[in-house]
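Below: the structure, in structure tokens.
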There are 4 protein chains.
Amino acid sequence: MGKINVTVWNEEAAPPQYQPAYPEGIHAAIAGFLEGDSKIGTIRTATQNMPEHGLTEEVLNDTDVLLWWGHCFHEMVEDEIVERVRQRVLSGMGLLVLHSGHASKIFRRLLGSNTNLLRWREAKELERVWVIEKNHPITAGIGDYIEIPESETYGEHFDIPAPDELLFISWYSGGEVFRSGCTFKRGHGRIFFFSPGHESFRIYDMPQIQQVIKNGIYWAAPLSYPQQFELHQPKSPNEIFKENNA
Amino acid sequence: MGKINVTVWNEEAAPPQYQPAYPEGIHAAIAGFLEGDSKIGTIRTATQNMPEHGLTEEVLNDTDVLLWWGHCFHEMVEDEIVERVRQRVLSGMGLLVLHSGHASKIFRRLLGSNTNLLRWREAKELERVWVIEKNHPITAGIGDYIEIPESETYGEHFDIPAPDELLFISWYSGGEVFRSGCTFKRGHGRIFFFSPGHESFRIYDMPQIQQVIKNGIYWAAPLSYPQQFELHQPKSPNEIFKENNA
Amino acid sequence: MGKINVTVWNEEAAPPQYQPAYPEGIHAAIAGFLEGDSKIGTIRTATQNMPEHGLTEEVLNDTDVLLWWGHCFHEMVEDEIVERVRQRVLSGMGLLVLHSGHASKIFRRLLGSNTNLLRWREAKELERVWVIEKNHPITAGIGDYIEIPESETYGEHFDIPAPDELLFISWYSGGEVFRSGCTFKRGHGRIFFFSPGHESFRIYDMPQIQQVIKNGIYWAAPLSYPQQFELHQPKSPNEIFKENNA
Amino acid sequence: MGKINVTVWNEEAAPPQYQPAYPEGIHAAIAGFLEGDSKIGTIRTATQNMPEHGLTEEVLNDTDVLLWWGHCFHEMVEDEIVERVRQRVLSGMGLLVLHSGHASKIFRRLLGSNTNLLRWREAKELERVWVIEKNHPITAGIGDYIEIPESETYGEHFDIPAPDELLFISWYSGGEVFRSGCTFKRGHGRIFFFSPGHESFRIYDMPQIQQVIKNGIYWAAPLSYPQQFELHQPKSPNEIFKENNA
């Protein structure tokens, strides 16, 4: 496939009070640590306030993996753009859904359930992200767990379909557990949800978190964009076989 | 839970040319063979031409398992009703999606992928529905396979997420295979897709097909409708534990 | 199927120092709270020191669900008996593997991996067993979580294949998480692993724990014991179909 | 990881009547088409008649992916060697189980069920291997299906646990279906079962079949061989965290 073209989406570049720990915007912080990665090609950022939320057909058709961060403005994302992203994922583009992106329209729309439903609390609790599956490309290079000294607490029950793979489970000092790293395949696309990454703590500066996100990008990148076949097949495979072997 | 209240939905009661083998309507045919089942309580039918497609809040709130048959008029189902059904499924109601219902809005919306995408051919081919999982409530009483002398052919690739359970795989004399019986859990609801049931062949008169559908209803019926918890939890479980054990 | 015949197995009835909290033996404690359950028929106990470990062909053939508790003497269980139990599970008998039974020969043999591998610590820590899947027969009647004030700590990584269903995840006050309730289907049999139940704390007296175990028994009980088919099929299904429809 | 070291195992090099289409031995045929692959390093063959069946500690420790073909002599494979291979798989080595290898001790031992149980018939029937999952590394470059003009027929029910991924389903002209391409993860190892490859038809000469096997090798190769942690953890993660952050 060559290099992986990545687009990092953030709901809003403008009002810094919504992402207080990231005056540059979370999209810029993430794009920043992806810079220079030898497997990654074009790195774009796109934000909600841009025309078409920055996700034009042209941009999506040149994106292999899309990263999605959103929190307060999910309902203001246009349905038409959500559907455009969804079709691109189903045709093969990878998608990383980060932190509060669990409540985004695109995640709800791709998984079908009310993925916005989970327990949460902002109490600067210790989060310990345990690796459940080793020898997996997404957990490569991560030891037994990642420790985040101050995090937002997420807790079960989290309303997602059973993931295809459960890679991380988080422990929080307040008493909750959470399925914090999950993969899903939908259509030809691969989706990775990873919950660490609150707007008030600079978790995206942690090398282990950066490694997981890079690993997620490598994993989610499509091998190919499979062509759609004809749905109506008036001639059977057996007839075609006979003709070919006549 | 007591008896299971069932509603059988069909896209259109009126124009018989769309369901030529069932002058009474497919919904009536299905409701007919459910009659007298000791585990089933109220049996309703609802059709697309009724107000709110027959799926009012009142009807849904009194339905434990909904059966969905549609073919030609999927796009004319109101989005608002689809969303109402979806939320009822996520809160625990069971859903059986039958035959061409694979392309319905509700199935696409709950699974997130383009479930309308599959190969198909109307050629009166022999279908043999193989049981993949025995000792499962849905395949109970079915032997090794069901044979349908004349059926519509469906074939892979079928654009569904990997099912939670793969119960049946169909063989067709023209050369295709198809995942014809699949279960999915979404939210608190259970979904069973079962593909046999074309509008031109009276497959719903076959005792084995009727048995699978009844089994599917028993399986999909909720044990309970779990209550939604508070999302924001200002007090941690550990604090609550300490208070309770002070 | 009628009532469910249950056998509760324990590694050793004799030396009470190995199960200090249960002078009567853990098998007797479990059998005790199953007494009087209207869905359960014959309740047997069997222990390792009995001839054939109490698991004769006769006993197994009359057992619908077997409960397995063991800790210190796994390696002294005869391979022949393990194989006998395994074949009975594959033919449909349910199996509940409790607590340190995770390291038993039968669990390792049925799952194929080194299920003895997990972190552990005896430190009387608080365990909170979170429900991951509601509206499931095994979690029925359990609220959001179960709290065990003093428990043995188990932690990931736990070397099991990805379970068919992940029903419970435990949180421990020392900082670990653990997949504490998992279902697996092997052959025609259903297996439920449930980790709470240490020999030093009378966790099996807790009503919620008893409820989960009873629920597990109902869930694991076979609907039927499917017959084995002939492996070699000299005549094809199509030939048989033609003969039947000639 | 660098290049992938591969070992191709065959039950018996000697009696050619058992593998009539392959006078050179199936192991040699497979090793032959792997030659020159740029991702593959050392290619070894090993056969049952060699000391330790050719699978010494030294050989296994230098093998990243093992291919297993066997048919008539499964029961004569030493249990000790099977256990050695199993532990190497659990520690990360990939395993490809080919054709009648479904009945091998190593496959039964890793999956836990009676994987020898399936329907079969030698009738030179047409097999059509349908791709179920596109955009997967194992199906890359394969179109919609592979056609094998003369094959041995395998049919459901096949006694395997539900695979982690179902990649291929085969259609046979006699009327059966079969889950012919499945992946499983056990311990840290990846297992790919692929059924085409009978001893009487030179199926391993087909470029598509060779591609699937090469793809399987790339997929099964470990990223790493994770180290085993200490099981008993007298000090909790929270204590360690406090010490590290004191």
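Taking residues in the range D:105-132 that are at positive phi, and partners anywhere that are surrounded by 20 or more Cβ atoms within 10 Å (Cβ to Cβ) and part of a strand (DSSP E or B), the pairs with Cβ atoms closer than 7 Å and at least 6 places apart or on different chains are D:Gly112/C:Arg186. For the range B:129-169, a residue qualifies if it is more than 7 Å from every other protein chain (Cβ to nearest Cβ) and not in a strand (DSSP E or B), and the qualifying residues are B:Glu133, B:His136, B:Ile138, B:Thr139, B:Gly141, B:Ile142, B:Gly143, B:Phe158, B:Ile160, B:Pro163. Selection over the range D:137-161 of residues that are free of Cβ contacts under 8 Å to residues at least 40 places away in the same chain and crowded, with 21+ Cβ neighbours inside 10 Å gives a count of 4. Given the criteria assigned to a loop (DSSP other than H, G, I, E, B) and not charged (D, E, K, R), does C:Pro222 qualify? Yes. Can you tell me which residues in the range B:49-63 are assigned to a loop (DSSP other than H, G, I, E, B) and open to solvent by less than 20 Å² (accessible area, probe 1.4 Å)? Across the range B:49-63, the qualifying residues are B:Leu55, B:Thr63. Screening D:Phe184 against (1) within 10 Å of chain C (Cβ to nearest Cβ); (2) not in a strand (DSSP E or B) leaves a single unmet condition, (2).
Out of D:Arg179, D:Arg202, D:Arg190, one residue alone is more than 10 Å from every other protein chain (Cβ to nearest Cβ) and open to solvent by 10 Å² or more (accessible area, probe 1.4 Å). It is D:Arg202. For B:Arg108, the criteria (1) in a strand (DSSP E or B); (2) among the basic types (Lys, Arg); (3) under 23 Å from B:Val82 (Cβ atoms) hold in every case but one, which is (1).
The combined condition, being surrounded by fewer than 18 Cβ atoms within 10 Å (Cβ to Cβ), within 17 Å of the chain's Cα centre (by Cα), over 27 Å from A:Gly32 (Cβ atoms) and touching a residue at least 24 places away in the same chain (Cβ under 8 Å), is fulfilled by A:Glu83.
The one condition from (1) assigned to a loop (DSSP other than H, G, I, E, B); (2) open to solvent by less than 50 Å² (accessible area, probe 1.4 Å) that C:Gly2 does not meet is (2). Here the condition is being within 25 Å of C:Ser170 (Cβ to Cβ) and among the basic types (Lys, Arg); of A:Lys124, A:Lys105, it holds for A:Lys124 alone.
Which pairs turn up if I take residues in the range B:224-235 that are within 9 Å of chain C (Cβ to nearest Cβ) and look for partners that are of a type in the set (D, E, K, R) with beta carbon separation below 6 Å, at least 6 apart in sequence or on another chain? From residues that are within 9 Å of chain C (Cβ to nearest Cβ), the pairs are B:Pro226/C:Lys134. If you go through the range B:207-218 and keep only what is buried (at least 18 other Cβ atoms within 10 Å of the Cβ) and either of a type in the set (A, V, I, L, M, F, W, C) or without any contact (Cβ under 8 Å) to a residue 40 or more places away in the chain (or both), you end up with B:Ile209, B:Val212, B:Ile213, B:Ile217. Mind listing whichever residues of the range A:5-39 are buried (at least 18 other Cβ atoms within 10 Å of the Cβ) and either without any contact (Cβ under 8 Å) to a residue 12 or more places away in the chain or small (Gly, Ala, Ser) (or both)? A:Ala13, A:Gly25, A:Ala29, A:Ala31 - these are the residues of the range A:5-39 that are buried (at least 18 other Cβ atoms within 10 Å of the Cβ) and either without any contact (Cβ under 8 Å) to a residue 12 or more places away in the chain or small (Gly, Ala, Ser) (or both).
Of the candidates B:Leu95, B:Leu126, the single residue that is buried (at least 22 other Cβ atoms within 10 Å of the Cβ) and either more than 9 Å from chain A (Cβ to nearest Cβ) or outside any strand (DSSP E or B) (or both) is B:Leu95.
Remark: pairs (first residue in the range D:40-64, under 16 Å from D:Asp79 (Cα atoms); second residue acidic (Asp, Glu) and surrounded by fewer than 15 Cβ atoms within 10 Å (Cβ to Cβ); Cβ separation under 9 Å; 6+ apart in sequence or on different chains) = D:Glu52/D:Glu78; D:Glu52/D:Glu80; D:His53/D:Glu78.
When D:Arg109 is tested against (1) under 14 Å from the mean Cα position of the chain (by Cα); (2) crowded, with 21+ Cβ neighbours inside 10 Å; (3) away from chain A (no Cβ under 14 Å), only condition (2) is not met.
If you filter the range C:64-73 down to residues that are in contact with a helix residue (DSSP H, G or I) (Cβ under 7 Å, 6 or more places away or on another chain) and open to solvent by 20 Å² or more (accessible area, probe 1.4 Å), you find that the one that is farthest from B:His136 (Cα to Cα) is C:Cys72.
The values are calculated or read from the model by the stated rules, or taken from the named source; none is laboratory data. Note that the coordinates shown come from a computational prediction; the quantities given were computed from them, not determined experimentally. A quick note on method: Cβ atoms are made from the backbone with ideal geometry, for glycine too, and the neighbour counts reach across all protein chains shown. Calculation scope for accessible area: heavy atoms of the full protein, side chains included, ligands and nucleic acids excluded. Shrake-Rupley method; radii C 1.70, N 1.55, O 1.52, S 1.80 Å.
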